[in-house]
């Protein structure tokens, strides 16, 4: 096996796309963790997600998430590596963790539900995003 194929095989073990994360969350197979700051959480977040900003993971993860629970983390989107830092912090604490690629940006663009103070709503699917 080439170094490139080993790299990509390994990478895929630790990433999940938004539709896969949606399936895992709705099936009760993971805890979905929003790693963004409070203001971003307030603008809108995935319904059912746990808000645990990256900086608080070392002190609070063990209180909020039972040991051994599969975790999927997300932050803003492809231009943000906040979820990578969060995934590393959780992995270092021993959690099985995956990073939701595309973040909440692609969650929204795929027309999946978003929760805010106004309630839960979905937007139209972005025509540039293929969900089939």
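The numbers here are math on the coordinates, done by the rules we state, and not lab data. What you see is a predicted model, and the numbers here were worked out from it, not measured in a lab. All Cβ positions, glycine included, derive from the backbone under ideal geometry; neighbour counts span all protein chains shown.
Given an 8 Å cut-off on Cα distances and at least 6 residues of separation, report the relative contact order of region 1-75 as a percent. Each step should come with its number before you reach the end.
Numbers: 63 pairs, mean separation 26.3, N = 75.
The value is 35 percent.
Can you tell me the order of 11-19, 96-104 when each peptide is scored by its average per-residue count of other Cβ atoms within 10 angstrom, highest first?
96-104, 11-19
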Item to complete: Give the percent of DSSP beta bridges with both residues in region 8-115 that are antiparallel, rounded to the nearest 5.
Response: 10 percent
Worksheet item: To the nearest Å, what is the center-to-center distance of region 14-29 and region 40-62, using C-alpha atoms only?
Response: 17 Å
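What is the calculated FRET efficiency for residue 62 to residue 5, with r their C-beta to C-beta distance and R₀ = 30 Å, to the nearest 0.05? Spell out each step's value before the answer.
Details: r = 36 Å, r/R0 = 1.20.
Given R0 = 30 Å and the Cβ-Cβ separation, E is 0.25.
Given the peptides 52-61, 84-93, arrange them by the average over their residues of other C-beta atoms within 10 Å, most packed first. Kindly include the intermediate steps, with their values, before the conclusion.
Values: 52-61: 17.0, 84-93: 18.9.
Ranked from most to least packed, the peptides come out as 84-93, 52-61.
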Practice prompt. Largest first and to the nearest Å, give the Cα extent of the chain along each principal axis.
Written response: 45, 37, 28
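Give the relative contact order (percent, whole number) for the chain; include only Cα pairs under 8 Å separated by 6+ residues. Present the calculation step by step, with values, prior to reporting the outcome.
Numbers: 214 pairs, mean separation 34.0, N = 132.
Rounded, it is 26 percent for the chain.
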Practice prompt. Before rounding to the nearest 500, sum -39500 (n - 2.57) across all DSSP H runs of length at least 4 in the chain and divide by the residue total; then give [θ] at 222 nm in deg cm²/dmol.
Written response: -11000 deg cm²/dmol
